[in-house]
Structures are given as C-alpha cells and as structure tokens.
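Here, each number is a calculation from the coordinates, and none is a lab measurement. Keep in mind the model is a prediction, meaning the values are calculated, not measured. Cβ: placed from backbone, ideal geometry, glycine included. Neighbour counts: every protein chain shown.
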Amino acid sequence: MSINAIELLAESRISAHRSYLKTLTPDIWSPKECLLVEDSEPSIHGLISLCEGRSNNPSPGSEPYTQVIAEPGYVPYTSGKVSTTTVGDEMCRLAVEAVFSKDLQQLLSAGPLATAAILAAATVAVGKTKAGKWIPEVGVLIPKKGNEVLALWQEYRKWASGKMEHAAPMMIRDFFGSALAWQFIRINDGRIHDLGGAIMCITTGSDFVGSADDPGLGDMEIYLSAMNEGLACLGGSAVTPAIRDAVLCAAFMQTRKAVTAVTMKRDIEELKRLLANNNGPVTPGEFMTMRWWEAAMVGYHRIGLGADGYRHLADDTGVFTATRKCGKIRRAVDNLIRYDEAVDIIFDATQGDGLNEALVAMSAAGSKGIAGYAHALAAVTDEVFHCDCGEEGHIDVGEMSMASCLWYAIIPRYLIRAQLDGLEKGSPAIQNAFAPAKPGERNVIAQTLPGEQLHTDSWDPLWTVTGTDISGLVSRTLKRVLLEDVYSEEIYHRCNDIATDVLTDCMSMEYDKPQLLPLSEKWCRLFDEALINFREDFSGPIAALRELVGRIWIHLIIGDNGENGDTHARIFVDMDRHFRSTYSLPALAGRAIRRAYLGTVSSSMEFSGFNPYHCLVEGVTRIC
Ligand SMILES: [Zn+2]
C-alpha cells in the first residue's frame, strides 16, 4: 500500500477516530483498546508464543513479573563486548520480522493513533506559518543532533579494546540501560536495568538507522546484537507484553514517520481546511496517547514496574495502575516525554519532523501555550511528592521524574549546553531571549491545575507561574534530596542551611560565569551533608558521584566554554558507571545515595534560576 493510500485511508476516518479517542478514552496501556493490534495478529502471535515458550520463562503470574531467567554474559562498563545466544537470535529474528511486517504496518496506519499523528503534523505545519518565523535564524545557531557515537567512542575505546564493532552495541545497550538505572532506583538488581535496556534497543534500531539524526552506530545488525540478551535473559508475565509493546512501538514509529512526512508535504491551505473540517488541532489527550506509543512508554514501564521494588504498584503485566487514577502520578510518568520535548524543541522545529508536545502547544496557542512549561515540569515532581489521594507510588514516581530531568540534560544526544552556547552567539534579540533570568527574577515556581494532561483541549496551560521566597525553593530541594525515614532532624537542619546558602547566592549573583562556577562546591556540600550517615562506610561511591554533582553544574548548567576540558559524553559515561555501581551496595545505602544524587542535581538544574530546559523553552516563547 502506498503512503498516499495509507494517509487517505486514515484521513477518511478522522472523525470516527477522534470520537473514539474522546468518548471511549482507551486505556493508554492497552494496544487492543488503542486499536493498534490484537495479540492474534500473526506476527505478534508468533513472537508472544516464542517468548512464553522459552524453557525457563516463569509460569503466568509468577512473582516478580519481571525477572532474570538466564545469566547475561555482558556486564556494562566491564565486558569488552556484548554476548549473544541462539534463543536471543531466534527472538530477534521474529521481533524484526514483526516490526517490518506489511500487514502490521497496514493495521497501524488505519488506526486512531495514525489519525492523531496526521492532526499533530497538520497542527504544527499550520502553526509554524504564524509562530515559527524565528526558526531559520535560530536553527543555524545550534549544533546538529545525532552522531553522538564519535563522542562516546573516546570513552568506550578502552573497554572495547579499540574495536568500534564491539563498542557500538555496548553504547546503545548502555544508553537505554541508563534510563532504567537512573529512573527505577528501587530495583536492587542492576541486571534488570541492563537487560531491560537491551530489549528497548528494538525501538531505536528501526527509528535511527538512516534517519536525519542517526546516532551513527551502524546498521540494524548492531542493534540486533545489542538487544539479543535482553530478549533471551529477561522473563516473566510483564516481560512478554513489554517485548510485544516494544515491537509495536518500533512498528508504529515507521507508520508515524511516514504519515507525518506526507502530511508535512501538503499545501498549507489544504492542511488548514483539514483541521477546520475536522474540529481543529490535535488535542493534548490525542497527542499524548499517540506519543506514549511512539515514545515506547508502555513496554519500557512494564519492565521496570514488574520487577521487585515496584511490582506492588503494578498488575501482573507491569501496568502502573495508579496512572489511571491519580493525575499527579500520570503527569510525573509523562515527564519522561516532556523533558524530551523541552530539550528537543528547537531541534524538532528546525531539523526534526515536529512531533513534540511543546511545539504543538506553541503552534496551536502561541507563546502562552508554553510560557513556564519547564517550571511546570519541575512542579509536577514537587507536587507528586505531596499528593494525598491514597494511591500508592507517589514518592517512587517523583524519583522517576527527577531522573527524567537528569537524563535528557546529560545523555550526549541533545547537547543542552552546546545549544545554549550556540544561542549566545546569535543576534542581541536572540541572546536576550535565551539568557537566564536576571537576579531578583529567578525565584519562580509553577503550580499545576487539576488534570491528567498539562493543557486544556484548546492548549491553554494547566499551570500558573508565581514568585516564591528562598524558603519555598529550599523546602522543595530538601524533599527531593532526603530519602524518607533515613535522616535525623539535625541532618535536615544542616541541609536546610546549606541549601539556603547556595540558593541565596544563585538568586542574587549577576550572570557572571567566573562568579557562578564556584557555587558547584556548595551543591556538592549539600550532597555530602545529606549522606553524612553513610559517608564512613561508602566513601568511594559517594566521592565519585559528588564530583559529578560539581561537574554537571560547571559544564552543563552554567557552562565554562570547555575550559576545564570536560565533555558531555564523558560526564554521561562517568555518571552512568558510578550511579550503576551503587546497585552493588547494601540496599538502603544505595537507595539513599541515588536519591540524594537525583535530588541534588535536579534541584541545581531546576531551582537555581539557570534551568537549561527553561532557557530553551522560554527563549522560544519570547521570539515566537
Ligand atoms: Zn495522587
């Protein structure tokens, strides 16, 4: 079926699909309800049967729902190459067949999520004609996204004995493993983060190879060796649907890209008519349902939620049940997408195909749709910690949200600092737009309004922005940094004093890098103080992460123009290596150290007044 035929088929069903999504509100976790596919579809059925038929796969409903069923050969940051197995080979073969199955593509193209993709692309294409005049001038100032492999190679060559063909699968497996390891800090078995990351490689293989922002790893074979052990060594009743959903995501990415590309090529007047005849721009709910599947949220979360440490929050297929009941929990989970939207807003406007919630909001509502967006993401974390709705999982998901904040700023794909450094070289108007707030204007927070999404159906923000005093920022910081039940009143007071001291400096100093860079030491002291009870027994891992608190402040948040010789890729690899090493510590110590780290770094990003996500998004609101 040709792309045009696919699109026309989807277009003829827009009204039925919109009404399905609005009135029946399909469960976002269910591919069947989202009308993606049923388990009886042959390519999916074959994969599920093979997965369940593995000799060591636990019987249905056995706890935990995600578990290691065979010992992996690969150990991140230790092994010289990834390992593969014959079971993994066979599963990879079926998974790839399913991803590229023509029947499956056709089913996905005819569903409501393809319709949402058409509406999103039309919304952005039409909106850009009004709110996107800045795009060409700003686009040339930022670096090109992709090709991060060359930067990572400098770090990986020592493990891979100088062989790129060994390093490439390790890089992609560790990249996804890092997301799980940073987010699911209550899973004590680090093999689950690694193997879960390996499974998720199926989604990038089909998305990246040959794309405009190809990371440069190589062809599909690289991704197959990266995912092999994930498919062979992880099992349980959450893992089978997780693998199915990762495959569906990979297949849907193809559909979505094709639909977007064709829509974007159409005449603007035609797209205006399409929106006008079909009840207007994509809605936040339609967009996010589609984006959940496009961003691999479902399979990814099933893996983590099914494992010991989280399975009390999930059903036996790894569904995080409270996301259906508490809007604050849902939003904190969705922050894994929204930090991506914030860091990617300029890339997606200039180099990508525009599938980005922040860009859609700007296109539909202008600057008011995204003013304060990054403050709202921070508020989502702080508010979920305090929700008293009675559901379980608020603290856990607050931790996941902080990790999302770190991940997109630190992985060497989005180059947050290089983007801001580039924008500082623009015209005075652009420099002003993207500069951090002035002293006296930095103590700003958002408060969200009730809801599951962050916007109304007409893309008005469901948050307000207000000023706060230093103590408001300090109490948020301490809530993030200190693991519940392990700190004394004395530690709280000392952390309170240190946080007050560093945040007072952050609020009052001019934007003068030589003055701001040394504040790194004060953020490090906050991390130290939070862990004072653990320092004697775990001085090594604490010192290694302490150093990274400082390096992230210097290199990524304030920026030192590369003067200390640090690189984005090195910070990522060092952080991931040291953070993952904490999983070999006694459980409570490891958890307290990881929480203090996520809390300190996310606070230094989001409360200091130099939030790089805010600079990027707010800059766009000032020029759009
Ligand atoms: Zn709640």
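The calculated 222 nm mean residue ellipticity attributable to helices in the chain amounts to -19500 deg cm²/dmol, summing -39500 (n - 2.57) over DSSP H runs of n ≥ 4 and dividing by all residues. Fully extending the segment from Ser79 to Asp103 would add 4.7 nm, taking 0.36 nm per residue of separation and subtracting the current Cα-Cα distance. Couplings for segment 354-359, taken from phi via the Karplus curve 6.51 cos²θ - 1.76 cosθ + 1.60 with θ = phi - 60°, read x, 7, 7, 4, 5, 5 Hz in order; Gly and Pro are left as x.
Here segment 302-428 has an Rg and Dmax of 16.6, 56 Å, counting Cα atoms alone. With a ≥ b ≥ c the root eigenvalues of the C-alpha gyration tensor of segment 205-338, is it rounded (a/c under 1.5), prolate (a/b larger than b/c) or oblate? Taking the square roots of the gyration eigenvalues as a ≥ b ≥ c, segment 205-338 is oblate. As a proxy for reagent exposure, Tyr511, Tyr20 were ordered by neighbouring Cβ count within 10 angstrom, fewest first; the result is Tyr511, Tyr20. Karplus-based coupling profile of segment 363-373, in residue order and whole Hz: 5, 7, 10, x, 4, 5, x, 10, 4, x, 3, with θ = phi - 60° in 6.51 cos²θ - 1.76 cosθ + 1.60 and x standing for Gly or Pro.
The simple spin-label model puts a point 7 Å past each Cα toward its Cβ; for Thr504 and His312 those points are separated by 4.0 nm. Would segment 444-484 count as rounded, prolate or oblate if I go by the C-alpha gyration tensor, calling it rounded below 1.5 in a/c and otherwise prolate when a/b exceeds b/c, oblate otherwise? Taking the square roots of the gyration eigenvalues as a ≥ b ≥ c, segment 444-484 is oblate. For segment 480-575, just say rounded, prolate or oblate: build the C-alpha gyration tensor, square-root its eigenvalues into a ≥ b ≥ c, call rounded for a/c under 1.5, and beyond that prolate if a/b exceeds b/c, oblate if not. Oblate.
Can you give the FRET efficiency for Lys438 and Glu484, using 1/(1 + (r/R0)^6), R0 = 41 Å, r = Cβ-Cβ distance, to the nearest 0.05? It would help to have the intermediate numbers written out before the result.
On the way: r = 36 Å, r/R0 = 0.88.
Given R0 = 41 Å and the Cβ-Cβ separation, E is 0.70.
Averaging the sequence gap over all C-alpha pairs within less than 8 Å and six or more residues apart, then dividing by the number of residues, gives the chain a relative contact order of 17 percent. Projected onto its three principal axes, the C-alpha set of segment 225-265 covers 44, 23, 7 Å, listed from the longest axis down. Computed from point charges on the beta carbon alone (+1 for Lys and Arg, -1 for Asp and Glu), the dipole magnitude for the chain about its Cα centre is near 920 Debye. From largest to smallest, the equivalent ellipsoid semi-axes obtained for segment 1-140 from the alpha-carbon gyration tensor read 37, 24, 16 Å.
Pairwise Cα distances in segment 418-475 exceed 14 Å in 69 percent of cases. Convex hull volume of the C-alpha atoms in segment 503-624, normalised per residue: 118 Å³. One way to sum up the overall shape of the chain is the equivalent ellipsoid from its Cα gyration tensor, whose semi-axes run 34, 31, 23 Å, largest first. Segment 428-450 and segment 452-491 have Cα centres lying 17 Å from one another.
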